[in-house]
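Remarks on the structure that follows.
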Amino acid sequence: MKNLVNLSVESCSAWTSDPRLSEASDTPPDAAGVPPMIRRRLSSLSKIALSVALECVEGQSVEYSIFCSRHGELQRTTGLLQELAQGNELSPAAFSQSVHNSAAGLFSIVLDCPSTSTSISAGADTFGYGLVEAAAHLMLNPGEKVLLVAFDEPPPDIFGTASRDPAYGVALLFSGADGFPSLQLRLQPAADPTEATEPLALTFLRFWRSGSTAGKAPTNRIIWEWKRHDNRH
């Protein structure tokens, strides 16, 4: 499972026990694996998503991909709405990549990959439901590989202080042979809702990289719990 944007393998291991290193993910990568003609039109969010996704698959075939983002292309969409409010014409390129499944579509184009994909947004629980989607798909298709990409950036300042999570990207590759058979998921309503201190995807990555057998994370609605059945990671 990999990768945290802008962290090497060594620093990612250190980050497992030092949450302050999550600040290293604020600067988007250069998305070097994307052809220049496409790369120059990418938003910072799409650069994050495609960088971790392409590094994770490393030429492997993927039958199903899941792209999880709480806010999606909100930065770009807000800019387009501001242009409209000022009576300006919209950029066709910006408009075409302002939808929530932009990253999923771009991933398919870059790899010339016609496989199925879905895009998920579910507030603070977005990554958790991405895991549920991946697990459900593998139960029905145990021989396939599933790519799960979680990525986000803070919303525009116009939205105030709501959800000021750092920019980050995480890509995970699961298969029926070495994926969810070694991981148990459990979720329950939160009796005492609290705001998470970091994105759920980063909490899960910290748990998985640490080698712990169990971990959990509360959001403002749900308590997510994970259990590992063996030591593979």
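The string of couplings for the range 201-207 from the Karplus curve (6.51, -1.76, 1.60, θ = phi - 60°) is 4, 6, 5, 5, 4, 4, 4 Hz, one whole number per residue in order, with x for Gly and Pro. Backbone phi angles across the range 98-114, fed through the Karplus curve with coefficients 6.51, -1.76 and 1.60 (θ = phi - 60°), yield HN-Hα couplings of 9, 7, 5, 9, 4, 4, 4, x, 5, 4, 5, 5, 4, 8, 6, 10, x Hz in residue order; Gly and Pro are listed as x. For the pair ILE158 and SER44, the difference between a 0.36 nm per residue extended length and the Cα-Cα distance amounts to 39.2 nm. Residues whose amide H lies under 5 Å from that of ILE222, counting only those 5 or more places away or on a different chain, are ALA190; hydrogens are built 1.01 Å from N in the peptide plane.
Quick note: the coordinates plus some simple rules give every number you see, no bench work behind them. Please read these numbers as outputs of a predicted model, since none were measured by experiment.
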